[in-house]
1. Which value, in debye to the nearest 20, describes the size of the charge dipole of segment 7-241 about its Cα centre when Lys and Arg Cβ atoms bear +1, Asp and Glu Cβ atoms bear -1, and nothing else is charged?
2. Quick one: of Lys96/Lys218; Lys96/Lys159; Lys65/Lys96; Lys78/Lys218; Lys6/Lys159, which pairs are farther than 25 Å apart, Cα to Cα?
3. With the contact rule set at Cα under 8 Å and sequence spacing of 6 or more, what percent relative contact order holds for the chain?
4. Students often check this: by mean Cβ neighbours within 10 Å, which of 217-223, 237-243 ranks highest, and how do the rest follow?
5. For the charge dipole of segment 7-241, defined by +1 on Lys and Arg C-beta atoms and -1 on Asp and Glu C-beta atoms about the Cα centroid, which residue among Ile183, Cys235, Gln67 has the Cα displaced farthest towards the positive pole?
6. Mind checking which of Ile82, Gln144, Met169 is farthest towards the positive end of the chain's charge dipole, using Cβ charges of +1 (Lys, Arg) and -1 (Asp, Glu) about the Cα centre?
7. In debye, nearest 20: dipole of segment 116-237 around its Cα centre with unit charges on the Cβ of K, R (+) and D, E (-)?
8. With viscosity set to 0.692 mPa s and temperature to 37 °C, compute the Stokes-Einstein D of segment 7-241, Rh being the Kirkwood radius across alpha carbon pairs; µm²/s, no decimals.
Amino acid sequence: MLLANKVALITGGAGLNGLGFATARLMAEHGARVVIMDLEAANPAAAAAQLGEGHLGVVASVTDKAQVERAVAQALEKFGRIDVLVNNAGITQPRKTVDITGADYDAVLDVSLRGTLLASQAVIPAMERQGSGSIICISSVSAQRGGGILGGPHYSAAKAGVLGLARAMARELAGAGIRVNSITPGLIGTDIIKGKLDDERKAEIAESIPLGRLGHPKDIAGACVFLASDLSAYCTGVTLDVNGGMLIH
């Protein structure tokens, strides 16, 4: 198994139809002990229980430094180490540039960008003590192509910021044995698009994608397992496109 004896913490991972939970499930199948961090309303403990015995759900908002540090401390108390962090938590809003309010901007940037920073800050000391670790940051194709299908410009900005943050951390932390990489998903069939695109629009989008379909959560999960495992031991600062060819650059 690719992740035997490893502990993986996944933010925003409690939604059973989301990227985070798909990643949690695949990492558990590959031998990892998984910690799912999410809001109380999302019930991360129940999501962790879905994975079987030996996993943990912890409550925290990634926008709150104290909550994140407390959740990471819970994970370390139970498992003694954290080998993998998946910065998955994020929100999107369909806004045009002139319609973005201060509250909109703060909400999107806080979860995707500040949340990535705070979760990374919380796990880095433990990874430094271990002399190893893998941090995986979930960005978006919208950061690269200048806008997505659902998210507004502030979402693109947040996800572009994630790429810059990840690359800077990769350069800084490499000497400590910590790898930092990013994944840029295309349009993935999760709850984030539920009710926002009808079947006709989905079919139109699929026709524009070289591989001929929208992505599945398991497509991102597989990329996360690769970046978490020793198969990617010489990869850091990488941006891994998982978009079916939606953007080839």
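Just so you know, all these numbers are worked out from the coordinates, no wet-lab data involved. Small disclaimer: the values here were computed from a predicted structure and weren't measured. Cβ coordinates were reconstructed from backbone atoms using ideal geometry, including for glycine residues, and neighbour counts include every protein chain displayed.
1. 340 debye
2. Among Lys96/Lys218; Lys96/Lys159; Lys65/Lys96; Lys78/Lys218; Lys6/Lys159, the Cα-Cα distance tops 25 Å for Lys96/Lys218; Lys65/Lys96; Lys78/Lys218; Lys6/Lys159.
3. On the way: 519 pairs, mean separation 48.6, N = 249.
That works out to 20 percent.
4. Final packing ranking: 217-223, 237-243.
5. Looking along the dipole axis, the top candidate is Cys235.
6. Met169
7. Numbers: 12 positive and 10 negative charges, 48 e Å.
So the dipole magnitude of segment 116-237 works out to roughly 240 debye.
8. For the chosen part, D equals 186 µm²/s.
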